[in-house]
Amino acid sequence: MIDLLTRLALVGAAATFSKSAVIFEDAYMNSPGNCVGRQSSQTELHCVAHGGPNGGHVRFEILGEDKLEHVSGHILPVEQDVSPGMKLGFTISYKGKLPSSAAEDIIVTTTFTENVQGATQEVSTAKLTSVKARITPEVEAPSNDSIGRHTYGVRELINCLTYPSSVSTSWIVGGGA
């Protein structure tokens, strides 16, 4: 008899993000004529389905994908049959595009139904937050100031903002010459 943990490794489906959040920042002028392009961290969505001895049907779908920039891999939704003894697996890479409305509002839902009479649909979710970062000076410099600059003077006060603001963040400030 196969124990439950072994069975779960052989039958079913799941999706997981490699990170719990992507963090991005829009382009900004660091100094006159010095534009820094849009930047974002990246996360991978790993999707896998195991057919087990009977096979099954899997569907991977995403809610909130408009907040992400698709980098590579499949486009969700993906839905297909998984043959007995077979494994379906793929990875999709994303960057941040728009800020989330709240924490974990990007949701990938995985549904799997084994090909046996009376099987119930198994459902699991993976969640992600897209965080927009913005740095601003406490007091704007004279009119020649570059919007969004990241080069600041000694003792110049700055604001480190994130959207959504409800997401807990911490900043590590470094210096340079």
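Every number in this text was worked out from the coordinates using simple rules, so none of it is lab data. Keep in mind that this is a model prediction, so the values were computed, not measured. In this analysis, Cβ positions are derived from the backbone assuming ideal geometry, glycine residues included, and neighbour counts consider all displayed protein chains.
Here the Gaussian network model covers the chain, with springs between Cα atoms less than 10 Å apart; of E114, E61, E138, E138 fluctuates the most. The slack in the chain from S170 to S18, taken as 0.36 nm per residue of separation less the alpha-carbon distance, amounts to 52.7 nm. Taking the Kirkwood radius as the inverse of the mean 1/r across Cα pairs, report the Rg/Rh of segment 4-132. When Rh is taken as the Kirkwood radius, the ratio is 1.13.
Non-local lysine pairs in segment 4-132, meaning eight or more places apart or on different chains, with alpha-carbon distances under 13 Å, amount to 8. Working ranking of peptides 67-78, 10-21 by packing, defined as the average number of other Cβ atoms within 10 Å per residue, highest first, is 10-21, 67-78. In a simple Cβ point-charge model (Lys, Arg +1; Asp, Glu -1; nothing else charged), segment 4-132 has a dipole of about 260 debye relative to its Cα centre.
Extending 7 Å from the Cα toward the beta-carbon at both T113 and N30 defines two label points whose distance is 5.4 nm. Of I172, V71, V131, which is farthest along the charge dipole of the chain in the positive direction, counting Lys and Arg as +1 and Asp and Glu as -1 at C-beta? The one lying farthest along the dipole's positive direction is I172. Placing dummy labels 7 Å off each Cα toward the beta-carbon, the span from R155 to D105 is 4.1 nm.
Annotation for H70 and F90: the two label points, set 7 Å from Cα along the Cα-Cβ direction, are 1.0 nm apart.
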